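Asker: Pasting a structure below so you can have a look.
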Amino acid sequence: MSESEKNCSNCLHSYMECERFHLRQKCRSPEYNSPNYTHDELMKDWGQGYCRFWTPQIQKG
């Protein structure tokens, strides 16, 4: 899979949740939600469009 195809929308850990009538993308990754994942790491990852914990979705079939 090429780098340009990686994004939060096609990550195994990604899910959508409704907050105040708006859908928000969330992450189930324990590493992403860990206090050890720093703000600087988050900003760097946002710059590339996906986080370092990105995992491809499991293909059925």
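The values are calculated or read from the model by the stated rules, or taken from the named source; none is laboratory data. This structure is a prediction, so every number in the text was calculated from the model and none was measured. Please note: Cβ atoms are built from the backbone with ideal geometry, for glycine as well, and neighbour counts cover all protein chains shown. Note: accessible area is taken over every heavy atom of the protein model, side chains too, but ligands, DNA and RNA are not part of it. Shrake-Rupley method; radii C 1.70, N 1.55, O 1.52, S 1.80 Å.
Asker: Could you count how many residues in region 20-30 are more than 16 Å from residue 6 (Cβ to Cβ) and under 13 Å from the mean Cα position of the chain (by Cα)?
Answerer: So the count comes out to 4.
Asker: Which residue pairs have Cβ atoms closer than 7 Å, lie 6 or more positions apart in sequence or on different chains, and pair a first residue in region 7-23 that is under 9 Å from residue 54 (Cα atoms) with a second residue that is open to solvent by less than 50 Å² (accessible area, probe 1.4 Å) and among the hydroxyl-bearing types (Ser, Thr, Tyr)?
Answerer: What qualifies is 7/50; 8/14; 8/50; 11/50; 11/55; 12/55; 13/29; 13/55.
Asker: OK, next. Out of (1) open to solvent by less than 50 Å² (accessible area, probe 1.4 Å); (2) among the acidic types (Asp, Glu); (3) touching a residue at least 12 places away in the same chain (Cβ under 8 Å), the odd one out for residue 31 is which?
Answerer: (1)
Asker: Considering only residues of region 1-14 that are open to solvent by 70 Å² or more (accessible area, probe 1.4 Å) and assigned to a loop (DSSP other than H, G, I, E, B), which is modelled with the lowest pLDDT?
Answerer: Pass one, region 1-14, residues open to solvent by 70 Å² or more (accessible area, probe 1.4 Å): 1, 3-5, 9, 12.
After this cut, where a residue has to be assigned to a loop (DSSP other than H, G, I, E, B) as well, the list is 1, 12.
Values: 1: 51, 12: 96.
Within region 1-14, the match that is modelled with the lowest pLDDT is 1.
Asker: From the list 54, 46, which residue is assigned to a helix (DSSP H, G or I) and of a type in the set (Phe, Trp, Tyr)? Before you say what the answer is, go through the steps one by one.
Answerer: On the way: 54 fails: assigned to a helix (DSSP H, G or I).
Answer to the selection: 46.
Asker: A further question on this structure: Hey, can you tell me all the residues within region 15-24 that are surrounded by 10 or more Cβ atoms within 10 Å (Cβ to Cβ) and either touching an Asp or Glu at 6+ places or on another chain (Cβ under 6 Å) or modelled with pLDDT under 95 (or both)?
Answerer: Answer for region 15-24, where residues must be surrounded by 10 or more Cβ atoms within 10 Å (Cβ to Cβ) and either touching an Asp or Glu at 6+ places or on another chain (Cβ under 6 Å) or modelled with pLDDT under 95 (or both): just 24.
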